[in-house]
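Working notes, structure below.
The values are calculated or read from the model by the stated rules, or taken from the named source; none is laboratory data. The model shown is predicted, which means the values in this text are computed figures rather than measured ones. Neighbour counts run over all protein chains shown; Cβ positions are idealised from the backbone, glycine included. Remember, those area values only see protein heavy atoms, side chains included, never the ligands or the DNA or RNA. Shrake-Rupley method; radii C 1.70, N 1.55, O 1.52, S 1.80 Å.
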Amino acid sequence: MDILKNAWYVAAWAHELRDDQPLARRLLDQPVVLFRDAHGVPHALADHCPHRFAPLHRGDLRDGTLGCPYHGLRFDGSGQCVHNPHGDGHVPAAARVRAYPLCERFGAVWIWMDERPPCTLDLPWFDFIDPQQCEVSYGYLQTQANYQLSADNLLDLSHFQFLHPSTLGSAAMAADSGRFEQNGETVWSRRDARGELLPPFVARGLGLPDGTLADRRIAVRWDPPCLLAIEVCVTPASSSMEYVSRSAHLLTPESATSTHYFYAVGLPKALGELARTMTAYAVTGLTQPFRDEDLPMLAAQQRAFDEAGDASPPAVLLPIDGGIVRARRVMERKLALEAAGQTRPHAP
Ligand code: FES
Ligand SMILES: [Fe+2]
């Protein structure tokens, strides 16, 4: 599966970038080094020196410039070599590295890696992880699977009862067959449980006691390339209150067969200490099934695809795959347009 280049991707959580320590990360199968300058502005450069191709992330950051660890050329955030410690100090015109456009939004640093100019990053439905307005807890995992395969797993609410029986799944949730919608390039996958004995993990995440009977509604929103927001609404049978939890799941290809998986949970700052406690609990709680149950499954699926190669028969599709099929079609169309040089601005 090809990697769509004409899109914004999360390169890192904002708190990962420092002005005293470069961060190396492979993104869209390219080595990238990320750092902040002395003013806190984030920068991303191709992670190889134009002199003898030394990895720049092994160098030092000083006054907002990154020094090559091999012979000491120094580069600013635009990728321009600004210091040559050898001879008369002349800086050859070609002594520069590629700099990637960045944008800091929603507590993340987003990167644009296409050669064509970037479009506006406009994803207002992720405001619930905007650290200006919300308390946010962050998580990160790496999947050993293609980015679209990794997103399929999040759009697929039918695997809970089988892969996550002790955390997310329940018989009541499994009884619903799910609903799927598409609005432009946005795909929705929904599933409801009525009169469910809430799984303890879900109940505790919302501050409800074990043994709570409730209706639970899950809605997954997918937008290209692989940006997902999941909303869980719970109405206990004993009250008319609705408890809502929102999480963001932002996937960035590391390579064709591995993915950076950034996830976060946010609640309004107005909730104070409670918001901090609950978002931290939710991220810690989500990490366990993701790490111990989803990631091994994704890695095994990717290995099976790799082993089958082109001899792989077409996948058998079930009605439960409605969300995945719609998202894959959107991506196929975008990849075909990109291959034909006909990209359209991303305007969700
Ligand atoms: S390899 Fe970077 S200065 Fe020589
Ligand atoms: Fe899962």
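For beta carbons closer than 7 Å, sequence separation of 6+ or different chains, a first residue in the stretch 42-68 that is in contact (Cβ under 8 Å) with a residue 60 or more places away in the chain and a second that is away from ligand 1 (no atom under 12 Å from the Cβ) and assigned to a loop (DSSP other than H, G, I, E, B), the qualifying pairs are P42/L17; A44/Y100. Apart from one condition, E307 fits all of (1) open to solvent by 30 Å² or more (accessible area, probe 1.4 Å); (2) within 15 Å of ligand 2 (Cβ to nearest atom); the exception is (2). Could you say whether any residue in the stretch 90-107 is within 14 Å of the chain's Cα centre (by Cα) and open to solvent by less than 70 Å² (accessible area, probe 1.4 Å)? So far as the stretch 90-107 goes, yes, one or more of its residues are within 14 Å of the chain's Cα centre (by Cα) and open to solvent by less than 70 Å² (accessible area, probe 1.4 Å). Take T257 and tell me if it is surrounded by fewer than 20 Cβ atoms within 10 Å (Cβ to Cβ), over 25 Å from D176 (Cβ atoms) and of a type in the set (V, I, T). Judged against the criteria, T257 is a match. Among the residues here, D152 does not qualify as open to solvent by 30 Å² or more (accessible area, probe 1.4 Å), more than 16 Å from ligand 1 (Cβ to nearest atom), among the acidic types (D, E) and under 30 Å from A280 (Cβ atoms). Scanning the stretch 223-253 for residues that are of a type in the set (D, E) and within 20 Å of F106 (Cβ to Cβ) yields D223, E231.
The set of residues in the stretch 266-281 that are part of a strand (DSSP E or B) and open to solvent by 10 Å² or more (accessible area, probe 1.4 Å) comprises L267, P268.
Determine whether G77 is open to solvent by less than 20 Å² (accessible area, probe 1.4 Å), in contact (Cβ under 8 Å) with a residue 40 or more places away in the chain and part of a strand (DSSP E or B). So G77 does not fit the description; no.
Residue-level check: of (1) closer than 30 Å to D2 by Cα; (2) more than 16 Å from ligand 1 (Cβ to nearest atom), H39 misses just (1). Taken over the stretch 151-175, residues that are closer than 27 Å to M331 by Cα and either of a type in the set (F, W, Y) or more than 20 Å from the chain's Cα centre (by Cα) (or both) amount to 4. Residues in the stretch 309-348 that are of a type in the set (G, A, S) and either modelled with pLDDT of 85 or more or under 22 Å from L227 (Cβ atoms) (or both): G322, G323, A327, A336, A339, A340, G341, A347. Pairing residues of the stretch 94-106 that are under 30 Å from N84 (Cβ atoms) and β-branched (V, I, T) with residues that are modelled with pLDDT of 95 or more and open to solvent by 40 Å² or more (accessible area, probe 1.4 Å), at Cβ distances under 8 Å and at least 6 apart in sequence or on separate chains, gives V97/H48; V97/P50.
In the stretch 147-163, the count of residues that are within 12 Å of ligand 2 (Cβ to nearest atom), within 28 Å of L274 (Cβ to Cβ) and modelled with pLDDT under 95 is one or more. Whether a residue is within 21 Å of the chain's Cα centre (by Cα), surrounded by fewer than 15 Cβ atoms within 10 Å (Cβ to Cβ) and either within 16 Å of ligand 2 (Cβ to nearest atom) or in contact (Cβ under 8 Å) with a residue 40 or more places away in the chain (or both) was assessed, and D122 passes this test. Condition first: farther than 21 Å from R326 by Cβ and either aliphatic (A, V, I, L, M) or out of contact with any Pro (no Cβ under 6 Å at 6 or more places or on another chain) (or both). Can you find one or more residues in the stretch 219-227 that meet it? Checked the stretch 219-227: no residue is farther than 21 Å from R326 by Cβ and either aliphatic (A, V, I, L, M) or out of contact with any Pro (no Cβ under 6 Å at 6 or more places or on another chain) (or both).
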